[in-house]
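Q: Here it is, the structure, as C-alpha cells.
The values are calculated or read from the model by the stated rules, or taken from the named source; none is laboratory data. Keep in mind it's a predicted model, so treat the numbers as computed, not measured. FYI the Cβ positions are ideal-geometry reconstructions off the backbone, even for glycines, and counts take in every protein chain you see. Heavy atoms of the whole protein, side chains included, go into the accessibility calculation; ligands, DNA and RNA do not. Shrake-Rupley method; radii C 1.70, N 1.55, O 1.52, S 1.80 Å.
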Amino acid sequence: MKENVSDLMREILRKEADAVMAIPVTDGYGEAVDLIVEHVAVRGGKLITSGMGKAGQIAMNIATTFCSTGTPAIFLHPSEAQHGDLGIIQKNDILLLLSNSGKTREIVELVDLARHLNPSIPIIVITGDGESMLAKSGNVSLLTGGSPEVCPLGLTPTTSTTMMTVMGDVLVVATMKAIGFTKAEYAKRHHGGYLGVKSRQ
C-alpha cells in the first residue's frame, strides 16, 4: 500500500522545521556579518561563495541574494577554480564556503589555493561538522547542527540544504540591516518583473 503523500508531507515539514530550529545560534553570525561589511562595504571587495554539488547550488543562490541587496557577490565553482577561475579573487575579497560534511575535496583544496593567492583572505564556513578540516580552516565557522537528511536513504542533501539556505538568509538580512540598505537602493538593482515594479511603488 502506497504511503499517504499528505502524511509524508506533514512528517517532512515537521522534521525540517525542527532541524531549522535546532541550528545553533552563536556569536559567529555577528562576526561573519562584521567581516562581510568590512571587506565589501568598507574596503570595496566582494563576497565569493562556493560549494560543490547541492551545496554549490545553495551557495550560488546566496551570492545572487547578496547581490540584489547591496553586497556585491559572485559564485565560484570549486572545480573551475582549479582551472583558472581562481583569478576572480582580488584584494579585500572574502570567501563563504559551504560543505555539509566539511570534507568535500574540492572545497578543502579551494581553501589552500585561495590562501596561496591571497594569504590574508578571510573565510566564513557553513558546515555540519565542527571538527572537520574545513571548519577548522575558517575564520568563522557556522554549524548547521547536523540534523539528519529527510531523504529515506539518509544520503540526498535535503535537510542540510534547507538549513544552509536559512543560514544564508540570516547573513543576508543581517548584512542589509548593517549597511542600512533601503528600498530605493533595492529598486536600482531590480528593473524588471514584479519586484522591480513593487520596489518603485
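Q: Just one of the numbered conditions (1) in contact with a strand residue (DSSP E or B) (Cβ under 9 Å, 6 or more places away or on another chain); (2) charged (D, E, K, R); (3) free of Cβ contacts under 8 Å to residues at least 12 places away in the same chain is not true of Lys46; which one?
A: (3)
Q: Something else: Hey, among the residues in the stretch 166-191 that are under 18 Å from the mean Cα position of the chain (by Cα) and surrounded by fewer than 18 Cβ atoms within 10 Å (Cβ to Cβ), which one's farthest from Asp34 (Cα to Cα)?
A: Val166
Q: Out of all the residues in the stretch 8-28, which are open to solvent by 30 Å² or more (accessible area, probe 1.4 Å), assigned to a helix (DSSP H, G or I) and of a type outside the set (Asp, Glu)?
A: Passing the criteria: Leu8, Met9, Arg10, Ile12, Leu13, Arg14, Lys15, Ala17, Val20, Met21.
Q: Looking at the structure I just gave you, is Met60 over 14 Å from the mean Cα position of the chain (by Cα) and without any contact (Cβ under 8 Å) to a residue 40 or more places away in the chain?
A: Here the answer is no, as Met60 does not meet what is asked.
Q: Now for a different question. Just one of (1) of a type in the set (Gly, Ala, Ser); (2) open to solvent by 10 Å² or more (accessible area, probe 1.4 Å); (3) assigned to a helix (DSSP H, G or I) trips up Gly130, so point out which.
A: It fails just one condition, (3).
Q: Also, I was wondering about something else. If a residue has to be at pLDDT 95 or above and in a loop (DSSP other than H, G, I, E, B) to count, how many in the stretch 159-181 make the cut?
A: Qualifying residue count for the region: 1.
Q: Cβ contacts < 9 Å: first residue part of a loop (DSSP other than H, G, I, E, B), restricted to the stretch 182-194; second residue open to solvent by less than 60 Å² (accessible area, probe 1.4 Å) and at pLDDT below 80, any location; separation 6+ or different chain. Result?
A: His190/Gly196; His190/Ser199
Q: Is it the case that the stretch 19-29 has a residue that's free of Cβ contacts under 8 Å to residues at least 12 places away in the same chain and charged (D, E, K, R)? It would help to see each step written out before you state the result.
A: Step one: of the stretch 19-29, the residues free of Cβ contacts under 8 Å to residues at least 12 places away in the same chain are 21, 25, 27.
Next cut, charged (D, E, K, R) only: 27.
Yes, the stretch 19-29 contains a residue that is free of Cβ contacts under 8 Å to residues at least 12 places away in the same chain and charged (D, E, K, R).
Q: Among the residues of the stretch 85-110, how many are under 16 Å from Leu134 (Cα atoms) and open to solvent by 10 Å² or more (accessible area, probe 1.4 Å)?
A: 8
Q: Follow-up question, since we're still on this one. Here is a list of conditions, (1) surrounded by 15 or more Cβ atoms within 10 Å (Cβ to Cβ); (2) outside any loop (DSSP other than H, G, I, E, B), and Gly70 meets all of them except one; can you say which number that is?
A: It fails just one condition, (2).
Q: Let me ask something else about it. Could you list, in sequence order, all residues of the stretch 62-87 that are touching a strand residue (DSSP E or B) at 6+ places or on another chain (Cβ under 9 Å) and farther than 24 Å from Lys136 by Cα?
A: The answer is Thr64, Thr65, Phe66, Cys67, Thr71, Pro72.
Q: Which residue out of Gly102, Gly146 is at pLDDT below 95 and farther than 12 Å from Ser50 by Cα?
A: Exactly one residue qualifies, and that residue is Gly146.
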